[in-house]
Amino acid sequence: MKICNQCLYPNTHPLGITLNSTGVCSGCDVHEEKYNQGWEDRKKDLLKIVNDYKINRIDEYDCVVPINGGSDSFYTVYYVKEILGLKPLCVYYNTLYSTRLGHSNLSRLRRLFNIDIHIHIPSREQIIAINKATIYHLQSMYWHVHAGSTSYPLHIAKR
């Protein structure tokens, strides 16, 4: 096993990180890239793209925003509504691991930004079946969280 010189993650990490010739992992390399992105130019490009998708009808959504109730959700919804001027449909995939604080955060997010939230709660049996399969094949019982949180919002956006 090899360890990253910067973050100390091992190369056996479940996300499949790799180490470069200097002993730095792919995760740290990606993290460094954000400092050289030209963010102002990217923001201008984003605003041009967003303008094509604004519907400006009170009964329709401009976009779908995945949320989980964490601080990243608050910032994302703030940015989408206040900076980009879009009307989002927020989508929450309930992992069945949520805490009272997590549920409270979702409620606060809804009230603070006056948003609609579509919530999907998978059945206990569905979670058990997915966990059994992914523990065996991927050595992870958390896979349904990753898959549900990323694929379910796309499913809703397509619909």
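The share of C-alpha pairs in the chain whose separation exceeds 22 Å stands at 59 percent. Per-residue ellipticity at 222 nm computed for the chain from its helices equals -14500 deg cm²/dmol, with DSSP H segments shorter than 4 residues left out and the rest contributing -39,500 (n - 2.57). Assuming charge only on the beta carbon of Lys and Arg (+1) and of Asp and Glu (-1), the dipole of segment 1-94 about its Cα centre is about 40 debye to the nearest 20.
Restricting the calculation to Cα atoms, segment 67-137 shows an Rg/Rh of 1.09 when the hydrodynamic-style radius is the Kirkwood one.
Among the lysines of segment 26-136, pairs that are 8 or more positions apart or on different chains and have alpha carbons within less than 22 Å of each other number 13. Projecting the Cα positions of G85, S73, Y61 onto the charge dipole of segment 41-116 (unit charges on Cβ atoms of Lys, Arg, Asp and Glu, taken about the Cα centre) puts S73 furthest along the positive direction.
Only protein atoms count toward the accessible area here, which uses a 1.4 Å probe; on segment 1-102, the carbon and sulfur part of that area reaches 54 percent. FRET efficiency for the L101 to A133 pair, using the beta carbon distance and R₀ = 30 Å, is estimated at 0.50.
In the context of the full set of protein chains, residues of the chain present 71 Å² of accessible surface per residue (probe radius 1.4 Å, heavy atoms only). Annotation for K44 and S151: the two label points, set 7 Å from Cα along the Cα-Cβ direction, are 4.0 nm apart. Answer rounded, prolate or oblate for segment 1-80, using the Cα gyration tensor with square roots of eigenvalues a ≥ b ≥ c: rounded when a/c is under 1.5, else prolate when a/b is larger than b/c, else oblate. Cα axes put segment 1-80 in the prolate bin.
The values are calculated or read from the model by the stated rules, or taken from the named source; none is laboratory data. All values reported here derive from a predicted model rather than from experimental measurement. Cβ: placed from backbone, ideal geometry, glycine included. Neighbour counts: every protein chain shown. Side chains included, ligands, DNA and RNA excluded: accessible areas come from the protein's heavy atoms. Shrake-Rupley method; radii C 1.70, N 1.55, O 1.52, S 1.80 Å.
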